[in-house]
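Heads up, the thing below is written out as structure tokens.
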Amino acid sequence: DILKFHAVIWPAMLMAAGRELPRRLLIHGYLTVRDSKMSKTTGNVLDPSAVIERYGVDALRYYVLREVRFGGDGNVSYAGVHDRYHGELANDLGNLVSRSAAMVARYRDGRVPDGRLDPTIAEALESAARRFAEHVDAFELTEALEAVWGPVRDLNRFVEERAPWQLAKDPARSGALDDVLYTLVDGIRAVAVMLAAVTPSSSERILRVVGAGADVAWEQTRPGLTPAGAVVAADGPLFPRVDEPLQP
């Protein structure tokens, strides 16, 4: 435990040097396995290298921050990694990106239409960005990710309710189809920027798929920044299927 060094010795050294003292100490908890501290001797470990090899580093980073609240102890497991990967990254986010890109390619020749952003989705994105920033400032990283997942769920629900595949059958509803496709692409773009600090490689791929630039400055979370005519290009599965979880 190095708390004594950070809370006593290091501040004393800074005071002696006339330097500014830290205003806050952030103390993280332990990642545990079956409610016990990890130990190579007993074998109750979660091997990060094995997780990265099977699921990727973005998935590991996402899992740990999503599963365990900062400051407290929390259980981790290979089964938990597998469930989060498939349930949230692959199904919620990955499928949303793939479906949306495929529909833009099919119905609008791979270019973002000049549609109107759905106001309900725009409000959800603005609220998520605001809450994400507030949680990050308070070092509430699990809650920050939950804030982002709100619009991810909203966009999945939106595509099912609006059924763009049905709109595409009626030329008279072409404008409504443009609005749906634009909303999906712009929402995905904003979500990718919010997630960039946690899943940088995946966010970069998502932004490339939806024809956005590589800029992940926080201002890019603002809804409605996707330009009409941007080229959307599918890039294979964002989070490829993994059949079985790793075994302890």
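Please treat every number below as a calculation from the coordinates, not as lab data. This structure is a prediction, so every number in the text was calculated from the model and none was measured. Positions of Cβ are generated from backbone atoms using ideal geometry, with glycine treated the same way; all protein chains shown enter the neighbour counts.
General remarks:
- Here is the list for the stretch 36-107: trypsin sites (Lys or Arg not before Pro) lying in DSSP coil, each with at most 12 other C-beta atoms within 10 angstrom of its C-beta, are K40.
- On Cα atoms only, tilt of 57-67 relative to the major axis of the chain in degrees: 70
- Length added when fully stretched, M15-R34, from 0.36 nm per residue minus Cα-Cα: 2.6 nm
- Euclidean distance of C-alpha centroids, the stretch 120-143 and the stretch 178-248, integer Å: 17
- Helix axis angle, 174-194 relative to the chain longest principal axis, alpha carbon, degrees: 10
- Backbone N within the stretch 119-140 under 16 Å of label point (7 Å from R69 Cα along the Cβ vector): 135-140
- Packing-based exposure ordering (other Cβ within 10 Å, fewest first) of S77, S49, S203: S49, S77, S203
- Rounded to 10°, Cα long-axis angle of helix 141-162 versus longest principal axis of the chain: 20
- Applying 1/(1 + (r/R0)^6) with R0 = 25 Å to the Cβ-Cβ distance of D114 and W149 gives a FRET efficiency near 0.30.
- Diagonalising the gyration tensor over the Cα atoms of the stretch 3-75 and scaling each eigenvalue by 5 before taking the square root yields semi-axes of 33, 15, 12 Å, largest first.
- Helical mean residue ellipticity (222 nm; -39500 (n - 2.57) per DSSP H run of 4+; nearest 500) of the chain: -15500 deg cm²/dmol
- At q = 0.08, 0.17 Å⁻¹, base-10 log of I(q)/I(0) for the chain (Debye sum, equal scatterers on each alpha carbon): -0.39, -1.22
- Inter-label distance, N44 to D243: 3.1 nm, where each label sits 7 Å from its Cα along the C-beta direction.
- Shown for E143, E88: other C-beta atoms within 10 Å of each C-beta, ranked fewest to most, produce the order E143, E88.
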